[in-house]
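The values are calculated or read from the model by the stated rules, or taken from the named source; none is laboratory data. All figures in this text were calculated on a predicted structure; none of them were measured in a lab. No Cβ is skipped: glycine too gets one built from the backbone with ideal geometry, and neighbour counts run over all protein chains shown.
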Amino acid sequence: MNWFNFTYLIGIFFCFGCVLFWIRKNRKFQSALSVAAAYDQWTNDQLLEKLWGEHVHLGFYEGGCRRKDFRTAKVDFVHELVKWSGLDRMSRGSRILDVGCGIGGSARILAKEYGFDVIGITISQKQANRAAQLTPVGVNCRFEVMDALDIRFDKGSFDGVWSVEAGPHMLDKQKYADEMLRVLRPGGILAVADWNKRNTKKAKLTTFERIIMRQLLDQWSHPDFSSIDGFCENLLSSKFYGGGIYFDDWTSQTLPSWHESILEGFRRPNDVLSLGPNAIIKGLREVPTILLMRWAFVHGLMRFGVFRARG
Ligand SMILES: C[S@@+](CC[C@H](N)C(=O)[O-])C[C@H]1O[C@@H](n2cnc3c(N)ncnc32)[C@H](O)[C@@H]1O
């Protein structure tokens, strides 16, 4: 480890110490209810939305170059995943399920720009309410509170299933894959993008990596991350899997997002300040985790996986 990395990590741990000294309670995963509570709170305090807009996911930067606005990069991410997964070849009016839809950023693009008929599901009531508020009349999407591990739709109800950065919150990754493939019609398209850990079956985590991993899990209500290989195995071993599995690694294309997500706070200081001192403290609390996450992606502990498969 060189000096720069060492001081970077010391900085992160120092920030962690300061912030955790202020706020003792953390957001360790306990159940889907604890995830719902965390997102209800993030939605209520408006910090995420004011800072990062209506998309709670990373941006896409061609060649990993940070030459565009973070919000534009997030919109580009949606179009890139649509293209990569082949959803762009689906006819207008196709029924799409967005699993873990946040406040509906992707769902609205899929409905408005591709003419799909979209249903978004989230575990958070506040997110579902906010998603509905942000959706103009005439845009063909609606939102429901539903657990991704117990999707209340019949087998084969959708032409496409979309899920971005929701998988890390799922306790049972096999059930997550099974449920998404179950509601997909035969021949329909599944498109998933996720934060994944490196394959720990091939190379075990060192003690140092385990400490970092624990923070990445507990700070943002994650029970565990899949590896890219592990999630492919989940898809392949599902009884609803119909074929055509592909995956790719978009770590370099998404990496600039981590620094960008912090810089947004400096670019839009009034948005944060207008929410009051609590929001500023909450914002500060996220900084160490964001930096640690970036460190993990740079050093191969985490990978950004994209997956597509047929029902
Ligand atoms: C990082 S956010 C991504 C939101 C959205 N996909 C986006 O890209 O803007 C993770 C989302 O997964 C949802 N989620 C987490 N656990 C869930 C579960 N068990 N069932 C349904 N949604 C869940 C959260 O409510 C949240 O909307």
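Go through segment 110-127 and count every residue that is assigned to a helix (DSSP H, G or I), more than 9 Å from the ligand (Cβ to nearest atom) and either touching a strand residue (DSSP E or B) at 6+ places or on another chain (Cβ under 9 Å) or aromatic (Phe, Trp, Tyr) (or both). Show your work before the answer.
Of the residues in segment 110-127, the ones assigned to a helix (DSSP H, G or I) are 110-114, 125-127.
Remaining after also requiring more than 9 Å from the ligand (Cβ to nearest atom): 110-114, 125-126.
Subsequent filtering for residues that are either touching a strand residue (DSSP E or B) at 6+ places or on another chain (Cβ under 9 Å) or aromatic (Phe, Trp, Tyr) (or both) retains 110-112, 114, 125.
Total satisfying the criteria: 5.
Which one is farthest from the chain's Cα centre (by Cα), of the residues in segment 159-174 that are charged (D, E, K, R) and more than 10 Å from the ligand (Cβ to nearest atom)?
Residues of segment 159-174 charged (D, E, K, R): 159, 165, 172-173.
From the residues that got through so far, the ones that are more than 10 Å from the ligand (Cβ to nearest atom) too are 159, 173.
On the way: ASP159: 22, LYS173: 15 Å.
Among residues in segment 159-174 that are charged (D, E, K, R) and more than 10 Å from the ligand (Cβ to nearest atom), the one farthest from the chain's Cα centre (by Cα) is ASP159.
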Looking for something away from the ligand (no atom under 15 Å from the Cβ), assigned to a loop (DSSP other than H, G, I, E, B) and modelled with pLDDT of 85 or more - is there at least one such residue anywhere in segment 26-40? no
Checked GLY93, GLY115, GLY104 against criteria (at pLDDT 95 or above, touching a helix residue (DSSP H, G or I) at 6+ places or on another chain (Cβ under 7 Å) and farther than 17 Å from ALA309 by Cβ); the one match is GLY104
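Given the structure, is LEU190 modelled with pLDDT of 95 or more and surrounded by fewer than 18 Cβ atoms within 10 Å (Cβ to Cβ)? Spell out how you get there, then give the answer.
On the way: modelled with pLDDT of 95 or more: yes; surrounded by fewer than 18 Cβ atoms within 10 Å (Cβ to Cβ): no.
Answer is no for this residue.
Can you spot a residue in segment 62-72 that is within 16 Å of ASP248 (Cβ to Cβ) and part of a loop (DSSP other than H, G, I, E, B)? Let's see the steps before the verdict.
First, the residues of segment 62-72 that are within 16 Å of ASP248 (Cβ to Cβ): 62-64.
Filter once more, keeping what is part of a loop (DSSP other than H, G, I, E, B): none.
No.
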Could you figure out which of (1) free of Cβ contacts under 8 Å to residues at least 24 places away in the same chain; (2) near the ligand (Cβ under 9 Å from one of its atoms) isn't true of ASP150? (1)
Could you count how many residues in segment 249-304 are of a type in the set (Lys, Arg) and not in a helix (DSSP H, G or I)? 2
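State whether the residues of segment 279-288 include one that is in contact with a helix residue (DSSP H, G or I) (Cβ under 9 Å, 6 or more places away or on another chain), farther than 21 Å from VAL35 by Cα and not aliphatic (A, V, I, L, M). Steps first, please.
Narrowing segment 279-288 to residues in contact with a helix residue (DSSP H, G or I) (Cβ under 9 Å, 6 or more places away or on another chain): 279-288.
Remaining after also requiring farther than 21 Å from VAL35 by Cα: 280.
From what's left, not aliphatic (A, V, I, L, M): none.
Looking through segment 279-288, none of the residues is in contact with a helix residue (DSSP H, G or I) (Cβ under 9 Å, 6 or more places away or on another chain), farther than 21 Å from VAL35 by Cα and not aliphatic (A, V, I, L, M).
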Against the condition in a loop (DSSP other than H, G, I, E, B) and over 18 Å from GLY305 (Cβ atoms), how does PHE225 come out, does it pass? no
Across (1) crowded, with 17+ Cβ neighbours inside 10 Å; (2) assigned to a loop (DSSP other than H, G, I, E, B); (3) within 17 Å of the chain's Cα centre (by Cα); (4) hydrophobic (A, V, I, L, M, F, W, C), ILE151 clears everything bar (3)
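Does GLU233 fit the bill of being free of Cβ contacts under 8 Å to residues at least 24 places away in the same chain, at negative phi, among the acidic types (Asp, Glu) and not in a loop (DSSP other than H, G, I, E, B)? Steps first, please.
Working: free of Cβ contacts under 8 Å to residues at least 24 places away in the same chain: yes; at negative phi: yes; among the acidic types (Asp, Glu): yes; not in a loop (DSSP other than H, G, I, E, B): yes.
Judged against the criteria, GLU233 is a match.
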All but one of (1) under 17 Å from SER261 (Cα atoms); (2) touching a residue at least 40 places away in the same chain (Cβ under 8 Å) hold for SER85; which doesn't? (1)
Can you find a residue that is surrounded by fewer than 18 Cβ atoms within 10 Å (Cβ to Cβ), assigned to a helix (DSSP H, G or I) and more than 8 Å from the ligand (Cβ to nearest atom) anywhere in segment 91-104? no
Is it true that VAL78 is touching a helix residue (DSSP H, G or I) at 6+ places or on another chain (Cβ under 6 Å), of a type outside the set (Phe, Trp, Tyr) and crowded, with 22+ Cβ neighbours inside 10 Å? yes
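Could you identify the single residue in LEU216, LEU273 that is at negative phi and touching a residue at least 40 places away in the same chain (Cβ under 8 Å)?
Values: LEU273 fails: touching a residue at least 40 places away in the same chain (Cβ under 8 Å).
None of the others qualify; the one that does is LEU216.
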